Each structure stands twice: as C-alpha cells, then as structure tokens.
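Visitor: Quick one: the structure is below, questions incoming.
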Amino acid sequence: MLTLVLTHGAGSNRNAPLLVAIERALSEHEVTVIRYDLPFRQARSTGPPRPADGAADRAGLRAQVEAARARGGAVWLGGVSYGGRQASMLAAEAPDLADGLLLLSYPLHPPGKPAQLRTTHLPQIRVPTLIIQGSKDPFGSPEEITAALELISARKRLVMLSNAGHDLGRDKTAAAAVIAQEFLNFRTG
C-alpha cells in the first residue's frame with residue numbers, strides 16, 4: 001500500500017487540474033493520492049499565502065501524513081511550487097515523517113531574483129526526493145535546480161520537462177502521465 005499526500009501551489013487548491021490528473025494516473029497503479037488543501041487555502045478561497053502561513057501549512061501537512069501513516073503502508077509527501085516547498089521544509093523538520101518527497105515546480109527563488117535562494121533546509125532532507133521541473137521555469141533554471149539538488153544527501157533525481165514552464169505544460173494529462181511514471185520508477189529504485 002502506498003499513499004501520496006499531494007498539495008497545491010500558492011494560487012491554486014486541491015482541485016487543480018494537474019493534481020486531479022496525477023491522482024487519476026496513479027490510481028491505475030493502486031497508489032492512493034490524497035489531494036490536500038493547505039490551511040491558508042482552507043481559510044481563504046483566493047489569494048496567495050502570507051509569510052506567517054507557512055507553519056500552519058506544514059502542521060496541516062503533518063496531520064495528513066500522520067493520518068495516512070496510521071492507515072498503513074508507505075507515505076510520500078509532495079506538492080506543486082509553494083506546496084512542494086512546504087512539504088520539503090516539513091521533511092527537513094521531521095525526517096522520519098514521510099518515506100519520500102515528490103516536488104513539482106520547486107520554487108527555488110522568486111522569478112528574476114536568483115540571489116534569493118530557498119535552499120537552507122535542503123541539507124536536512126534525509127528521504128528520497130524526486131523533483132520534476134519545467135526546463136523554462138522562471139523559479140529556477142535547470143542549472144540552478146541541479147545545483148540545489150546536490151544539497152540533498154539522500155537519493156534524488158531531477159526530471160526536466162522540455163519546453164515547460166512553472167505550470168509544467170498546458171496538457172495536464174500528458175504531464176501527469178510523465179510524473180506518475182517517473183514517481184513509480186523512482187520510488188522503487
């Protein structure tokens with residue numbers, strides 16, 4: 001039994017087309033996907049998270065992972081952009097919480113501000129980490145993401161989606177198929 005707790009980016013929610021497509025793609029392989037609305041989104045239906053929301057968002061993710069763990073089997077944690085960043089920070093804070101990380105469109109830095117790296121927690125990650133990034137993502141170039149990934153001492157893999165931006169491409173079903181296959185290959189590798 002395998003569960004993936006998966007959350008959304010700053011401008012979205014649990015019903016984002018990509019998350020729904022990933023759930024569908026993985027359900028064919030008997031992976032339970034829990035699409036989770038972060039607490040900031042539960043509190044407000046629109047708008048981005050505020051800087052003070054991070055701790056509550058991680059606490060919400062922790063509760064989801066713990067509930068999934070109580071049902072048995074392996075539990076992976078993942079998210080898109082902001083959600084992935086919160087998932088990675090939680091994995092750094094609580095190294096035994098999840099069995100692995102799936103980070104989609106990791107927001108390495110704000111667009112146009114490559115000096116503002118969001119990497120201080122990466123060396124504390126101790127679980128297998130799969131990052132799937134668009135090759136044209138303004139939140140981190142392929143070279144920048146590759147360098148950041150080296151900070152993680154656990155098993156890791158970077159998959160670049162050619163010609164995709166931060167949204168990982170217009171065709172969410174096609175992107176989800178690639179993400180699902182890479183996830184299934186990586187988790188058993």
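Bear in mind that the values in this text are calculations on the coordinates, not laboratory data. What you are looking at is a predicted structure, and each value in this text was computed from that prediction instead of being measured. Neighbour counts are summed over all protein chains in view; Cβ atoms, including those assigned to glycine, are modelled from backbone coordinates with ideal geometry.
Visitor: Calculate, in whole percent, how much of the Cα-Cα pair population of region 22-80 lies beyond 18 Å.
Guide: Roughly 43 percent, once rounded to a whole number.
Visitor: For region 174-182, in order, what is each residue's ³J(HN,Hα) by Karplus, 6.51 cos²θ - 1.76 cosθ + 1.60 with θ = phi - 60°, in whole Hz (x at glycine and Pro)?
Guide: 5, 4, 5, 5, 5, 4, 4, 5, 5
Visitor: While we're here: P(r) tail for region 51-102, what percent of Cα pairs lie past 15 Å? Please report the intermediate quantities before stating the final value.
Guide: On the way: 501 of 1326 pairs.
Value for region 51-102: 38 percent of Cα pairs lie more than 15 Å apart.
Visitor: Next question. I'd like the Karplus ³J(HN,Hα) series for region 14-19: coefficients 6.51, -1.76, 1.60, θ = phi - 60°, whole numbers in Hz, and an x wherever there's a Gly or Pro.
Guide: 5, 9, 4, x, 5, 5
Visitor: Rounded, prolate or oblate for the chain? Axes are the square roots of the Cα gyration tensor eigenvalues, ordered a ≥ b ≥ c, and the cut-off for rounded is a/c under 1.5.
Guide: rounded
Visitor: Quick one: work out the % antiparallel among DSSP beta bridges in the chain, nearest 5.
Guide: Bridges in the chain are about 0 percent antiparallel.
Visitor: Would you mind calculating the relative contact order of the chain from Cα pairs under 8 angstrom and at least 6 residues apart, reporting the percent as a whole number?
Guide: 20
Visitor: So which trypsin sites (Lys or Arg not before Pro) in region 39-104 are both in a DSSP loop and have at most 13 other Cβ atoms within 10 Å of their Cβ?
Guide: Here the trypsin sites (Lys or Arg not before Pro) that fit, given the DSSP loop and packing criteria, are 44.
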